Amino acid sequence: MHQKYKSRAKINLSLDVKGKMENGYHEVDMIMQKIDLYDEIYMKIIPKGIKIESNCIFLPTNSRNIAYKAAELMIDKFKLKSGVYIYIEKNIPIAAGLAGGSTNAATVIQGINEMFRIGLSQKDMMRLGADLGADVPFCFMSGAARAEGIGEKLTPIKGLNDIWVVVTKPNLSVSTMEVYNNLVPNDYKIHPDIEGMIKALEDESIYMISEKLGNVLENVTFRLYPIVEKDKKLMKSFGAKGVLMSGSGPSIFGLFSKLDHAKAAYKNFSKLNRQTFLVKSYDGVDTNESI
């Protein structure tokens with residue numbers, strides 16, 4: 001019997017960089033929001049080892065995959081006698097700034113915790129996830145959160161309220177490491193208004209939310225890949241209230257108050273970029289199911 005899980009993507013409504021720390025990591029201040037775009041992950045217990053399969057031929061199925069690393073971490077840490085089979089039905093684009101790998105890792109930790117009845121709390125799982133990547137802890141949460149430090153210090157906040165979101169990924173992949181390596185202090189001289197964004201979200205004002213959108217990494221990604229900036233301008237021309245690049249890119253998202261505008265933008269972008277999605281912001285809690 002398989003357990004089936006939804007592994008959700010995120011977008012960044014704000015992404016600020018405070019500076020570089022002594023350990024080489026950048027200190028960030030971000031607002032992350034779950035959206036209703038998800039991979040489906042099927043898991044079951046097998047006699048031994050870790051076996052990963054996927055519908056996506058580009059997805060590594062060995063220890064290069066963060067979901068594999070998550071399974072390995074759980075099996076080693078809790079000295080599990082059996083192994084795990086994982087099938088990843090990939091819908092979230094890879095290397096896109098949408099936390100596709102991080103959310104898969106979080107789902108695998110959650111799935112192994114449930115299937116093997118380990119009994120970890122959400123906080124326990126978030127601590128384990130932090131060892132795998134800075135975005136992983138957020139992926140255990142629902143809705144939205146402010147993320148500080150290297151992304152591991154999380155404060156739940158009120159998120160987007162039932163907003164239409166069009167997400168499009170230009171036909172290229174961007175390495176987060178490459179973007180941060182090309183980041184210079186001049187890129188984050190002007191900081192996004194994080195406090196203002198939190199207030200706009202509390203007030204449920206799509207106009208203020210759109211005004212407060214900000215991502216300092218756009219400066220770098222636009223320099224490296226001008227097509228991303230072009231897509232951002234195009235999304236705005238299709239009637240989005242607000243437009244931003246998510247994470248280190250290259251995905252661009254637009255926030256829409258009207259479904260017909262969102263549908264038109266989705267239709268137009270689908271002709272340009274194969275990986276284009278019309279979804280809603282997401283604030284619920286997923287439950288797994290046995291199949």
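Since every read-out is calculated from the coordinates, none of them should be taken as a lab result. These numbers were taken from a predicted model, which means no experiment stands behind them. Quick reminder, even Gly has a Cβ in these numbers, built from the backbone with ideal geometry, and neighbours come from all protein chains shown.
For Lys230, which aspartates and glutamates qualify as cross-link partners when the Cα separation must be under 17 Å and same-chain residues fewer than eight apart are set aside?
Hits, sequence-local ones excluded: Glu218.
Enter the Cα centre distance for the pair the range 45-109 and the range 181-247, rounded to the nearest angstrom.
Each part's Cα centre sits 31 Å from the other's.
Grab the range 38-129 and count how many Lys pairs have their alpha-carbon atoms under 26 Å apart, sequence gap of 8 or more, or different chains.
24
Using only the Cα atoms of the range 88-224, what semi-axes does the equivalent ellipsoid have when each is the square root of 5 times a gyration tensor eigenvalue? Give whole Å, largest first.
Details: eigenvalues 145, 83, 50 Å².
So the three semi-axes of the range 88-224 are 27, 20, 16 Å.
How big is the Kirkwood radius of the range 22-149, worked out from every pair of different alpha carbons and given in Å to one decimal? Walk me through the numbers on the way to the answer.
Details: mean 1/r = 0.0660 Å⁻¹.
Value: 15.1 Å, from the Cα pair sum.
For a footprinting-style exposure proxy, rank Lys10, Lys81 by other Cβ within 10 Å, fewest first.
Details: Lys10 28, Lys81 10.
In order of increasing Cβ crowding within 10 Å: Lys81, Lys10.
Tell me, what ³J(HN,Hα) does each residue in the range 90-103 have, in order and in whole Hz, if you take phi through Karplus 6.51 cos²θ - 1.76 cosθ + 1.60 with θ = phi - 60° and put x for Gly and Pro?
Computed from phi, the couplings for the range 90-103 are 7, 10, 6, x, 8, 6, 10, x, 10, 6, x, x, 4, 5 Hz.
Grab every C-alpha pair in the range 145-185, bin the distances at 5 angstrom width from 0 up to the longest one, and report whole percents.
6, 13, 11, 17, 21, 24, 8, 0
Rounded to the nearest 500, what is the 222 nm mean residue ellipticity of the chain from helices alone, with -39500 (n - 2.57) per DSSP H run of 4+ residues and division by all residues? Don't skip to the end; give the middle numbers.
Values: 9 runs with 93 residues, N = 291.
One gets -9500 deg cm²/dmol as the mean residue ellipticity at 222 nm.
What do you get for Rg/Rh over the range 164-280 if you use C-alpha atoms and the Kirkwood form of Rh? Working shown, then result.
Details: Rg = 14.3 Å, Rh = 14.7 Å.
The Rg/Rh ratio comes out at 0.97.
Return the Rg/Rh ratio of the range 95-167 with Cα-based radii and a Kirkwood Rh. Please report the intermediate quantities before stating the final value.
Numbers: Rg = 13.0 Å, Rh = 13.1 Å.
Radius of gyration relative to Kirkwood radius: 0.99.
Considering only the other residues whose Cβ falls under 15 Å of the Cβ of Ala134, what net charge follows from Lys and Arg at +1 and Asp and Glu at -1?
On the way: positive: Lys10, Lys18, Lys20, Lys69, Arg127, Arg146, Lys153; negative: Asp16, Glu27, Asp29, Asp131, Asp135, Glu148, Glu152.
Neighbourhood net charge equals 0.
Would you please give the FRET efficiency between Lys230 and Tyr42, computed as 1/(1 + (r/R0)^6) with r the Cβ-Cβ distance and R0 = 45 Å, to the nearest 0.05? If you can, show how the numbers build up before the last one.
Details: r = 38 Å, r/R0 = 0.84.
For R0 = 45 Å, the calculated efficiency reads 0.75.
Between Ser142 and Asn91, what FRET efficiency comes out of the Förster formula 1/(1 + (r/R0)^6) with R0 = 22 Å and r the beta carbon distance, rounded to 0.05?
According to the calculation, E is roughly 0.75.
Tell me, Phe138, Phe116, Phe277 in order of fewest to most beta-carbon neighbours within 10 Å?
Exposure proxy ranking, most exposed first: Phe116, Phe277, Phe138.
Starting from the Cα coordinates of the chain, work out the convex hull volume and express it per residue in Å³. If you can, show how the numbers build up before the last one.
Numbers: hull volume 36.2 nm³, N = 291.
Here the figure is 124 Å³ per residue.
Do me a favour and compute the ellipsoid semi-axes for the range 37-84 from its Cα gyration tensor, root of five times each eigenvalue, largest one first, whole Å. Intermediate results must be reported in sequence, preceding the final value.
Details: eigenvalues 80, 27, 21 Å².
Working through the eigenvalues yields semi-axes of 20, 12, 10 Å.
Give me the net charge for the shell around Met197: Cβ to Cβ below 12 angstrom, other residues only, Lys and Arg +1, Asp and Glu -1. Working shown, then result.
Working: positive: Arg146, Lys158, Lys199, Lys212; negative: Asp16, Asp29, Asp193, Glu195, Glu202, Asp203, Glu211.
Cβ neighbours under 12 Å give a net charge of -3.
If you project the alpha carbons of the range 1-69 onto the principal axes, what extent comes out on each, in Å, largest first?
46, 30, 22
Using a Förster distance of 35 Å, how high is the FRET efficiency between Ser257 and Asn186, based on the Cβ-Cβ distance and rounded to 0.05?
Numbers: r = 35 Å, r/R0 = 0.99.
Computed FRET efficiency for Ser257 and Asn186: 0.50.
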